[in-house]
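One structure is given here, and the rest of the page talks about it.
The values are calculated or read from the model by the stated rules, or taken from the named source; none is laboratory data. From a predicted model like this one, the values you see are computed outputs, not experimental measurements. Here Cβ is always computed from backbone atoms with ideal geometry, including for glycine, and neighbour counts include all displayed protein chains. For the accessible areas, the whole protein counts, side chains as well, though only heavy atoms, and no ligand, DNA or RNA atoms are used. Shrake-Rupley method; radii C 1.70, N 1.55, O 1.52, S 1.80 Å.
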Amino acid sequence: MTSDKSTVVDILRRTIRDVKDFPKPGIVFKDVTPVLLDAELFGQVVELMASPYRDARISRVVSIESRGFLFGAPIALALEAGLVPIRKPGKLPAATQRVEYALEYGADALEMHHDAVQRGDRVLIVDDVLATGGTANAAAQLVSGTGADVVGFSFLIELDFLEGRERLQGRRVEALLHYA
């Protein structure tokens, strides 16, 4: 397994597929599914996304629907932490907590099981892409509302030109790939 971060990042840049005009015209979607097909590369990505938080005593990894689940689960295992899925409304079977947040045109909401994160938990929030930061910020609000500590965020990709990091209120943000 390659451990050199710059080598892995170079391989990722060649592996992630650009899909033009998805999900709507003018958008270039960063498709991470080719990364998942390469077991060695996928493992390297998980290790690199987890490694900045190895000594942070993470007790819960919160992963954001849906591609965040793909990275959050193995990162939780790597950090020996529990996994907490955050989903769109109506998708979780037990009692939930909810936070609503503004989108460019309209609003959305996220939910988490009410007993998944507790006061004193040290939480890492994981997703595939940091774009405008709205969803990640809403996840942080949901977690913080429990009294838990949001230690930081780990993303595979950060779209720097959308300035999503600014919405995360100075919290620690780690991303493997940056697109300017």
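Kindly indicate whether LYS24 is in contact with a helix residue (DSSP H, G or I) (Cβ under 7 Å, 6 or more places away or on another chain) and surrounded by fewer than 16 Cβ atoms within 10 Å (Cβ to Cβ). Spell out the reasoning first.
Numbers: in contact with a helix residue (DSSP H, G or I) (Cβ under 7 Å, 6 or more places away or on another chain): no; surrounded by fewer than 16 Cβ atoms within 10 Å (Cβ to Cβ): yes.
Here the answer is no, as LYS24 does not meet what is asked.
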Q: Could you list all residues from segment 115-133 that are modelled with pLDDT under 95 and surrounded by fewer than 16 Cβ atoms within 10 Å (Cβ to Cβ)?
A: THR132
Q) Being open to solvent by less than 70 Å² (accessible area, probe 1.4 Å), farther than 18 Å from ARG60 by Cβ and of a type in the set (Phe, Trp, Tyr), is that true of even one residue in segment 168-180? A) yes
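Considering only segment 1-21, state which residues are in contact (Cβ under 8 Å) with a residue 24 or more places away in the chain, open to solvent by 90 Å² or more (accessible area, probe 1.4 Å) and outside any helix (DSSP H, G or I).
Of all residues in segment 1-21, those in contact (Cβ under 8 Å) with a residue 24 or more places away in the chain come to 1-3, 5, 8-9, 11-13, 15-16.
Adding the requirement that they be open to solvent by 90 Å² or more (accessible area, probe 1.4 Å) leaves 1, 3, 5, 13.
Matches in segment 1-21: MET1, SER3.
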(Q) Go through segment 38-70 and report how many residues are of a type in the set (A, V, I, L, M, F, W, C) and in contact (Cβ under 8 Å) with a residue 60 or more places away in the chain. (A) 9
Q: Kindly provide the set of residues from segment 66-76 that are touching a strand residue (DSSP E or B) at 6+ places or on another chain (Cβ under 8 Å) and open to solvent by 50 Å² or more (accessible area, probe 1.4 Å), ordered by number.
A: ARG67, PHE69, LEU70
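Hey, does segment 145-157 have a residue that's open to solvent by 60 Å² or more (accessible area, probe 1.4 Å) and part of a helix (DSSP H, G or I)?
Taking segment 145-157 and keeping what is open to solvent by 60 Å² or more (accessible area, probe 1.4 Å), we get 145, 149.
Imposing the further condition that a residue be part of a helix (DSSP H, G or I) reduces the set to none.
Within segment 145-157, none of the residues are open to solvent by 60 Å² or more (accessible area, probe 1.4 Å) and part of a helix (DSSP H, G or I).
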(Q) I want to confirm something. Restricting to segment 27-64 and keeping residues that are under 20 Å from LEU162 (Cβ atoms) and open to solvent by 50 Å² or more (accessible area, probe 1.4 Å), which single residue is modelled with the highest pLDDT? (A) VAL28
